[in-house]
Every structure is written in C-alpha cells, then in structure tokens.
1. Where in region A:219-326 are there helices (runs of 4 or more DSSP H), lying wholly inside it, with at least 1 residues that are under 20 Å from residue A:160 (Cβ atoms) and not assigned by TED's automatic domain parsing to the domain that holds residue A:178?
2. Tell me whether region A:449-461 contains one or more residues that are open to solvent by 30 Å² or more (accessible area, probe 1.4 Å), assigned to a helix (DSSP H, G or I), more than 30 Å from residue A:786 (Cβ to Cβ) and out of contact with any Phe, Trp or Tyr (no Cβ under 9 Å at 6 or more places or on another chain).
3. Identify all residues within region B:67-91 that are of a type in the set (A, V, I, L, M, F, W, C), touching an Asp or Glu at 6+ places or on another chain (Cβ under 9 Å) and surrounded by fewer than 16 Cβ atoms within 10 Å (Cβ to Cβ); write none if there are none.
4. Quick test for you: out of A:665, A:685, pick the one residue that is part of a loop (DSSP other than H, G, I, E, B), in contact (Cβ under 8 Å) with a residue 60 or more places away in the chain and open to solvent by less than 10 Å² (accessible area, probe 1.4 Å).
5. State whether one or more residues within region A:155-164 are surrounded by fewer than 20 Cβ atoms within 10 Å (Cβ to Cβ), part of a loop (DSSP other than H, G, I, E, B) and in contact with a helix residue (DSSP H, G or I) (Cβ under 7 Å, 6 or more places away or on another chain).
6. Find all pairs meeting these conditions: Cβ atoms under 8 angstrom apart; at least six residues apart or on different chains; first residue within region A:765-790 and open to solvent by 10 Å² or more (accessible area, probe 1.4 Å); second residue not in a helix (DSSP H, G or I).
7. Within region B:54-88, restricting attention to residues that are within 11 Å of chain A (Cβ to nearest Cβ) and within 12 Å of the chain's Cα centre (by Cα), which residue is modelled with the lowest pLDDT?
8. Of the residues in region B:49-85, how many are assigned to a helix (DSSP H, G or I), within 13 Å of residue A:66 (Cβ to Cβ) and of a type in the set (Gly, Ala, Ser)?
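The values are calculated or read from the model by the stated rules, or taken from the named source; none is laboratory data. This structure is a prediction, so every number in the text was calculated from the model and none was measured. Note: ideal-geometry Cβ built from the backbone for every residue, glycine included; neighbour counts use all protein chains shown. Side chains are part of the model used for accessible areas, which takes the heavy atoms of the whole protein and leaves out ligands, DNA and RNA. Shrake-Rupley method; radii C 1.70, N 1.55, O 1.52, S 1.80 Å.
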Amino acid sequence: MNVSNGPPRFAHWLLTRLHPNDTLEEVEGDLDELYTYWHERAGRTQATLRYLLNVVSVLPPFVRRRKRELYHQNASSLHPIMIRNYLKIAWRNLAKNKVYSAINIGGLAVGMAVAMLIGLWIYDELTFNQYHQNYSRVAQVMRHEWFDGRKETGGQSSPIPLGTELQTAFGDEFSYVVLSTKPVNYIIASGDAKFNQSGRFMEAGAPELLTLRMVQGSRAGLHELNTILLTETLAKKLFGDENPINRIVTIDTQVNVKVTGVYEDLPTNSEFRGTSYIAPFDLYGSLNTWVKDARDNWGDKSFPIYVQIAPNKTFEQVSARIKGVMLPHLKAENAASKPEVFLHPMSNWHLFSAFENGANVTSEPMKYVLFYGVIGLFVLLLACINFTNLSTARSEKRAKEVGIRKAIGSVRAQLTSQFLSESVLVSMVAFGLCLVLVQLALPWFNRVADKQIVILWVNPIFWLACITFTLFTALLAGSYPAFYLSSLQPVKTLKGLYSSGSPSGWHSAIASRKILVVFQFTISIALIIGTASVYQQIQLAKNRPVGYDRKGLLSFPKNGFLGKENVLRDELLRTGVAAEVAESAYPLTNEGSNNTGFDWRGKTPTMSDDFGTIRISAEYGKAVGWQFIAGRDFSRRFRSDSSGLIINESAMKVMGIQHAVGEQVRSEHWQKGTFTILGVVKDMVMASPFERVRPTIFSIQGTKRWMLVKINPQVSLHTALPKLEATFKAVVPDVPFDYKFADEEYALKFTAEERIGKLASFFASLAIFISCLGLFGLASFMAERRTKEIGVRKVLGASALTIWRLLSQEFVLLVLIAFAIATPTAYYFLSNWLQKYEYHTNVSWWIFAMSGMGTLIITLLTVSYQSIKAALVNPVKSLRSE
Amino acid sequence: MRRTYLGEFEEVVLLMVAILDGEGYGVTVSQALEEHTGRIVTFGTVHNTLIRLEEKGFVRSELGGATTERGGRRKRLFRVTALGSRALQEIQQLRQDLWQLLPPNTLRLGGV
C-alpha cells in the first residue's frame, strides 16, 4: 500500500500519539485492514471519512484501556504484607543514609516548627481580648477632634460627666456603661502581707462587662462602696489557702475594704492584663480628693469609659447617636476642637488602634503581624521546597529498585502508592518532631515575645491545617518518584541506561534547584543584614550619653507615707549608705507630663510652648548627677528658689534664648506664676532613648509622688539594701519596700527593639540553616551526578584542588547573585524602619560586607564537605561502578 | 448471567467470536456484525466490548497472525472461554424456558 493510497496521515499520527500503547499494534493493523476494505467497497472518500470516525472512536476518552497483568487483579497494593514491605523498605532507605535522612527530616521539622510558632503567635495576636465573652459587643468611648485643621483621634480618657450622660440620656443603647480609672498602683495589705499592686477602680457593671470568671463570690461584688475583687494570685499572696471572702484588706494604708469576690487572673492577651484588683470607682474618689472637682467638669478628661451595647444595636448605630454628645457641654475654648464621640470596638483595640484623619491605618502591631507572617511563610516555603528537592534527588538512586519491582510483577499503581506512602510517613515523622520542637521552644519564645502561647491541642482547625499541610508537602515531595520513576521501563533501568529523563529535563531540574538556592540565600542574607542593623541601632541607643548617672539609683512611690518624707530622708541619710535622697513627681526613667501656656521674653506666636514639666525636690540634681551648662542648682537655703526654674538644653533652644539664666518665664496652667530660670542642664534621656529629648522644665513647687535614693558609690549594693530596708520599715512600717533600679528601668526601654532583634536573629539563623541544608543537598546531588566526570578528570591528572574548585565555584556564584538581590532589598526596608526612630544609626556598608562574607564562608564550608569528598574518591572506584 | 451481567451487545459480540471460531479479531468481528445483523458500529465500540468481555473472563486473546496487508502488525485473536460458552448456553436455556412459559395465544393476539 503506497502512501498516497493509505489512510490519512494526520489521523494515523493522532492514533499513534494518543492511543494506549499496549493495544496500539493490533488497533493500527485492524484499522489499516478496515481502511482497505472500505476503500474497495465504497471508494476513497468514504474510506477516509470512516477511517477518521473510527480513529476518533479509539482515542481517549472513548477507548477502553486493557488492564495490564490481569492475573494481578486480586493482589491488592493495600495487602498487609505489601504494606509491611513498603514500611520495611522505607525504613531501610532512611537507615541506609542516616545523615541525609536526619538532614531531610530535621530540616522540614525545623521549618514547620518556625511556621507553627509564628502561626501560633499570629493566632494569639488575632484573638486578642477574646477571653472576654462579650468581646463583640464591648467598646471603649473615644473621640475624633480637630486640631490645626487635622482630624486627630484619641481620647482614651474621657470626662466623668460623659459617662453619666451616656448612662442617663442614652441608657437604652447600652447594657453597661462603666467608668474606670487607668491602671493605678496602690498598696494592698492584709496584716503583714502588703503588696504594691496595679489594678483599676471601676463601676459596678465591670465584672459583667469583662465577664470575669469568678472563682469565689459573685460578679455583683462591687455595688457597695467599701468592697474589692481580687485576682486568684493576689488573694493567694494575701491570704494563703484561707478563704478570702469577707476578709478585710487595706488600700493605700488608709481605707479598709471587704473582699467580695476572687476572679481568675486575666490572660496576657487581654487589654486588662495585670489588673490584680478591681475596686468600686467611687472609692477612687475617696482616695483622691481632686476627683470631686472632676465629677462635673467636662474639661477634665482622665477616665476611660467602657461600654457594652444593647443586644439589638450595632456600634455604628450607637456611635451615630452619641456623636455630638459632648459639644453642648463644653466651654468655648474647648469646643473649638469639635469633639466627635464614637465607639471603638474591643475587637479593634489591639491591632486596629492607629488612626489618621479619623480612619483606621495600619498600626505597628499589625505591621509586625504581617512582617512575621511573611517571614514564617518564607521559612516554611524554603523548608518545604528543600524537602521536595532532597527527596527527589535521592529517589533517582532508586531507579533500579523500581526496575526490579516491575520485573517481578509490580504494577504502576503499586509503585505509586509505595512512594507516596513513604513520603507521607517521612513528613509525618517530621511533623511529630516539629510538635516536639515547638513544645520545647515555647517557654523561650513566650519569654522573648512576652506571650502565654500554648499549642492548640484541642483546636480541630489547628489540626486540620497541620495535617493538610503535612500531606501536601508529602505529596509534593513524593510525586516525582511516585509518578515519574514508576513509569520507567524496567529493562532500561536494570541495564543502567536510565538517566533523569532527557538532557533537557536534567538541565531544568538543575536550573530550578539553582533558582531555589538563590532565593533561599537572598532571604537569608537579607535577614542577616536586618538582624545586624537592629542590633547596631540598639547598641547606638544604649551608648547614647544620657546626661545623668543611673548607677546605684533606686526609686519607689511615696504611697502611704502620710507626710513622713522628711523623717525618712533624714533617717536614710543617717545610715551612711544613701548618698542623697530626693523627691520627684515621676520616676527618673519616665518623662512625666507636659503642659502648654508658657510665656517668655522674645516668644513669637509660631513658637511651640509645649514643655515637659517635672516637679522635683532641691536635692534631685545631686541625686541623679545632672550636668550644668550654665547657672546653678536648686538649693534649700534660698527660699526664693521655689519660684526658680531649671530647664534643659532643648528647652533653651526652643525658647531661642542665648543666655537663659535670669530670664523670666510666666506659666498659666502649670504651677501658675512667674518663674526665674536658675540654670540650664544638659539633656537627660528619660523617655525613649530612640527619640529626641523633650524640652523640659523643672520646678520644686507642688506635690511629688516618687522618692529617689542614690546609694553611696563606696558601699556595695549587698550591704546597702538591707540597711535601707530596715530604716524604711522603721519609719513607714505599713508600706512595702518596693523599689526599682533606674538602670534596670532604663534597660526595659529597649525591650521592644531587643525583642525584634532576638526574633530576627532566631529566624535568620534558621533561614541560614535551612538554606544550607538545601545547598548541601544540591551539592551532593551534583557531585553524585558527576562522579564519573570527576573520575575521568582525576585519571587525566586533575588535582584535588582543581576538582574542589570546579565543584565549588558555581555555588559561590549563586551566593553572589543572591547577595546582589538581597542588598538593595534589605537597604530599602532597613532605611524605612530606621526612619521610625528620631535617634537612629545609618545603614552601614560594613554590615553588608560582613553578611556577604559570612554567608560565603558558610556556603563554602557546606559545599566543600561534598566537593572534597568527591575529589578524594579513588577514581578506580567511581569508574568501575556500573 | 448470575455472576456477571452480559449486555445485549456484548452477547452479540460474544456470539460472533464463537461463530468465527478462533478467527475472531477486530476486523472480522466488525464485518460479521455488519453482515449478520446489519448493525454498523464504530470500531471503538467493538474494540471496547472485546476488552470488556476479556476482563469478564468470557473470551481470551493472543497476539498473532501478522499479514502484509496490515503492515506486518499482529492481530489480537479472540476465543470463547469455557465461562463464555457456559454464559451463552445459559442465556439460550433461559430464553427457551421463558418461551415455554408463554401462554399459547399471547403473542398472536398482541398482533406481533
């Protein structure tokens, strides 16, 4: 039959391409025969048409496939004996290559563990405040106000009459309206047990609004004036194992109250954490006389208001109704800002509390959630792709096993399920290991991140996500051997003719692995640079000159001193261990309050008159060791010093005066009167060490709440503290000696930055670790593929050094590419991050250089292990192995 | 019939294989179908049915009988197995039994 007479070539080609291989021969023959038959009977056109139609009828999906090896039908691939065999083979494979198995499983487990830690952390952030059961109906009353044409949002503190108004005029909108104080420190005492505790004074609805879990007593415990609710911890500290209900405790050594309930401690991820007692709001009024004036004063905004809206209302509806509630009550100067009251829902408190122009913007905590989320995803991705890559590279060694299995009768489905079950097994082991790692890392992680995170053992969604992910990884890693290797022809693999597909397939496999390495190292290098810069920034701020001496300086609140300050001061000085005792309105490491309404000679209307204001005693300067630029310190000897001021350098600059000493300053709001500047001190870093120092004014008028003690530098702390405590106890026996060291408090200011630093270095080292695993895998893969080439080179006279260079240079190039990508990326993000700080370092070039060098060295070490091993192999061995 | 269901078309194809007695393969079965029943079906239908019959164990096959007109390609020749012939006989028997049960005049009265 010649070609022109034969069946249409396209149809024939289609048939050979698409028809199942095992029946192709007979079908091709049959159709040829039929074509001839039709040709004879009905002519060429008819034959061609029928041929076409019939070819289509034997193409997928119409054609039925012959089941191969029919006699295997009853030998199911899920037979227990087969499963036992798969497990045995899987185990032997793992045991045969112990290092490789450890790397593979360990790498995946570490990646999973990091992702899980971050996932748990994000979950914790997102479920903030959900401990409170009315979470979705609770809100805080806040305000938008207009200043200088800009809409600013704030007002976490509200005036008392606003709360009263909401209760009386809008009662039907709310289930509860609760006036509260901010967290306040008081001495809570029962007999000899006394503790300085942080708590709140709240109206009677608070326990219901916060859905406190009562251990003893009821939520109705705050209706009488002299009552208090305690946390479990505080109750235990005060009363031990005795029943605390109806016992009497003393607040601030003055007021006796009855314990009416004990509630479970609030968790760390609640806005109200650390509230160790709740007492009636009115009691706060009896402890602080100024509250009486605030009762009807719409201008005094000192108290947060929490509300729970009525069941049938929405936050929007209620916000709309109460929008203008403040305006009619305000005096003209306060009404200028047109305060607009709204409800800030509890679900938004933690992550959505940043406002710009009255609308929500991405807040700092939210940025961290996104940032860590991205890092977690990356690390997981790296680990997952690594695992797949290493498994794939190793599985090529098993082509012979596939050949033998097929030769003795395995069908493809069996091989597929064998490889898949093997990789499921391995990833399950990795998952188990990951749970162990997370459990071990959690205590450390919680300490660094300041959280109380636990593994969600009973959360079905958590398990579902984990299992899904594990299976997904397993399928990804197992798919290559399962679907590709199982399709190989046994004859070829057993003859050793097998190679990973075509040369182009091999090249693309290598290329994709190279891209992966570049990707991994880009992330790793960027993380290293980031970590180093964070530490550099912290170090810079730590080394910043602070303008005073923190050493041996301790402070405590003057709660319950009842006018014995001077006695205490004299007694402490008499011990000889205290070099100086001073008083201040705020602890040294707290910037305190700020005020406006100052006037001085040469002040122009555009000048800001917003100054930090701190009331101190005359000895303050000697205690903290501040340094004068001009003028002199306060002195008890001059009575006129009470109308004197000391300002800091920044304040002098703001005022625009060259010689400040002797100048007059009038104050309208704060300590009303006219003051004379006595001296100018160097700036003292009291607030954030990352910000510029606030222009500050010091005066010795008015009340001070804190006492500072400078310990004599000649006396060691060990001897000084017991003496101080003994004196303290003798003078004010009702007050616990609860002191804080200034240097420790100052160190706390770095907490947030050090947390970022620690977490970043943790992630960076893990990213490097995982990247190295990938590199190690790739290097061993390449070295193995080139065993023969290396053998031939050695036979022809190449030295070990040449071969080491041959195998290593490629990786060096990859790392250099990664470095080139990582540098600008890291630079961009870092300079953005550093902009946040007023006092910041610049991104230094040497950090980049060091990170690059470090990575390169680690790379070379990793790769050299493989390349030196390959270079030292006796060529006879590598060339003989067939 | 009891163990494995035999469809109408399957039954006809099985009969054709039996009739062709060792010479049955794709082409001959298609031609015999056309010749004896007048049914023209696509080759794929016949091919699939033969595979299905083999899976059910009613026929067995072997490759052989390459000829030049099919470009030297082998044929897959089918033979009825013992199971197949029993199935055909059972169908035949069942039909006969059923015909026996037919009341004498039913079909004629029905106008058939």
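1. none
2. Checked against the condition, which is being open to solvent by 30 Å² or more (accessible area, probe 1.4 Å), assigned to a helix (DSSP H, G or I), more than 30 Å from residue A:786 (Cβ to Cβ) and out of contact with any Phe, Trp or Tyr (no Cβ under 9 Å at 6 or more places or on another chain), region A:449-461 yields at least one hit.
3. B:91
4. It is A:685.
5. No, because not a single residue in region A:155-164 is surrounded by fewer than 20 Cβ atoms within 10 Å (Cβ to Cβ), part of a loop (DSSP other than H, G, I, E, B) and in contact with a helix residue (DSSP H, G or I) (Cβ under 7 Å, 6 or more places away or on another chain).
6. Qualifying pairs under 8 Å: A:787/A:873; A:787/A:881.
7. Applying the filter and picking the extreme gives B:54.
8. Of the residues in region B:49-85, 0 are assigned to a helix (DSSP H, G or I), within 13 Å of residue A:66 (Cβ to Cβ) and of a type in the set (Gly, Ala, Ser).
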